[in-house]
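Let me begin by presenting the structure, written as structure tokens, before commenting on it.
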Amino acid sequence: MGTENQTWVKEFILLGLSSHWNTQVSLFVLFSITYMVTVLGNLLIVLLISLDSRLHTPMYFFLTNLSLVDVSYATAIVPQMLVHFLAEHKVIPLVSCAAQLFFSLGLGGIEFVLLAVMAYDRYVAVCDPLRYLVIMHEGLCIRLAITSWVSGSVNSLMQTAITFQLPMCSNKFIDHISCELLAVVRLACVDTSSNEIAIMVSSIVLLMSPFCLVLLSYVKIISTILKIRSTEGRKKAFHTCASHLTVVVLCYGMAIFTYIQPHSGPSALQEKLISLFYAVLTPMLNPMIYSLRNKEVKGAWQKFLGQLNGLTLKFGM
């Protein structure tokens, strides 16, 4: 292909979910509400954990990280999507597109590794409860959290760099709600087999490896739980892991479906729905799945409301 055709575009046009005005307005209202619930729910979890010393445990330390990842992921996607719902021209500059790809891909990778770390935490809690606090000490928890953030960020930086080195020629239309990796790679007017190999390799390293660690952890956990003689003890142990396992199935399942087989992967509509699931539904549901059914978090919430009510009465508000 001649070099005159291998130009780099300066902006892209996102096709989004719909071109019908009334539908876009309805979607704007719907996703505005869900985004506000997502931000408030996750930040509330972070606040409760930071204020209540009873929640200063490894499990809630990792949950704090997960909530920060979720609210950051939603913020990387949803505000731009809301603006485009009301915009006539759904344009996104090249730099903004690259930034969005970097943050969304990085935060997604961080979440996959973090879920594996949380599975290990649950494994220690169930299989070796007497030594739980000795094994899951503060130094190890911090190192595991740093590993999650660094591994996801490094992978995202590499993928973003090699993706935006591709010449896009005159292809400006991204059939997606955001600058998603596969959607951007498809715009290239050169052979992208090396990019697809890189996507496959990173998917195996950052997606399948943590997933295998999660599976191994839960094989050990379930084996240990089945050996518990007390019915009440088994229920308590299963309850400890149920929330995490629910999120694991949803997150890893969708990602494997999307990235492990780029050639025979989902359609453009399916990719959009999966992105909405990650950007809107999962971050909104995670605080509820993990925490709102938890007695310790309910106790922290009641304590917080009591303190807030006390301050209100004190200052005569």
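The values are calculated or read from the model by the stated rules, or taken from the named source; none is laboratory data. Note that the coordinates shown come from a computational prediction; the quantities given were computed from them, not determined experimentally. In this analysis, Cβ positions are derived from the backbone assuming ideal geometry, glycine residues included, and neighbour counts consider all displayed protein chains. Accessible surface is based on the protein model in full, side chains and every heavy atom, while ligands, DNA and RNA are left aside. Shrake-Rupley method; radii C 1.70, N 1.55, O 1.52, S 1.80 Å.
Values for this structure:
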quantity: Failed criterion for Met158 (all others in (1) out of contact with any Gly (no Cβ under 8 Å at 6 or more places or on another chain); (2) not in a helix (DSSP H, G or I) hold); calculated: (2)
quantity: Filter pass, Val69 being open to solvent by less than 20 Å² (accessible area, probe 1.4 Å), free of Cβ contacts under 8 Å to residues at least 60 places away in the same chain and out of contact with any Lys or Arg (no Cβ under 8 Å at 6 or more places or on another chain); calculated: yes
quantity: Of residues in the stretch 209-231 being out of contact with any helix residue (DSSP H, G or I) (no Cβ under 7 Å at 6 or more places or on another chain) and modelled with pLDDT under 85, the one nearest to Ala116 (Cα to Cα); calculated: Leu226
quantity: Positions within the stretch 77-96 being closer than 15 Å to Val29 by Cβ and assigned to a helix (DSSP H, G or I), in sequence order; calculated: Val78, Pro79, Met81, Leu82, Val83, His84, Phe85
quantity: Only listed residue being surrounded by fewer than 22 Cβ atoms within 10 Å (Cβ to Cβ) and modelled with pLDDT of 90 or more, chosen from Ser32, Ser53; calculated: Ser32
quantity: Residues of the stretch 277-289 satisfying the condition of being open to solvent by 20 Å² or more (accessible area, probe 1.4 Å) and either at pLDDT below 70 or aliphatic (A, V, I, L, M) (or both); calculated: Leu281, Met284, Leu285, Met288, Ile289
quantity: Every pair of residues 6+ apart whose Cβ atoms lie under 9 Å, when the first sits in the stretch 20-42 and is touching a residue at least 60 places away in the same chain (Cβ under 8 Å) while the second is open to solvent by 20 Å² or more (accessible area, probe 1.4 Å) and not in a helix (DSSP H, G or I); calculated: Gln24/Leu17; Gln24/Ser18; Gln24/Leu86; Val25/Leu86
quantity: Condition check for Met118: closer than 23 Å to Leu250 by Cβ and in contact with a helix residue (DSSP H, G or I) (Cβ under 8 Å, 6 or more places away or on another chain); calculated: yes
quantity: Any hit, the stretch 127-138, residues being in a helix (DSSP H, G or I), at pLDDT 95 or above and open to solvent by 50 Å² or more (accessible area, probe 1.4 Å); calculated: no
quantity: Residues satisfying the stated conditions in the stretch 72-111, i.e. over 16 Å from Glu180 (Cβ atoms) and open to solvent by less than 40 Å² (accessible area, probe 1.4 Å); calculated: Leu82, Phe85, Ala87, Ile110
quantity: Single unsatisfied condition, Asp128 versus (1) without any contact (Cβ under 8 Å) to a residue 40 or more places away in the chain; (2) over 30 Å from Lys227 (Cα atoms); (3) of a type in the set (Asp, Glu); calculated: (2)
quantity: Filter pass, Val46 being more than 21 Å from the chain's Cα centre (by Cα), of a type in the set (A, V, I, L, M) and at pLDDT 85 or above; calculated: no
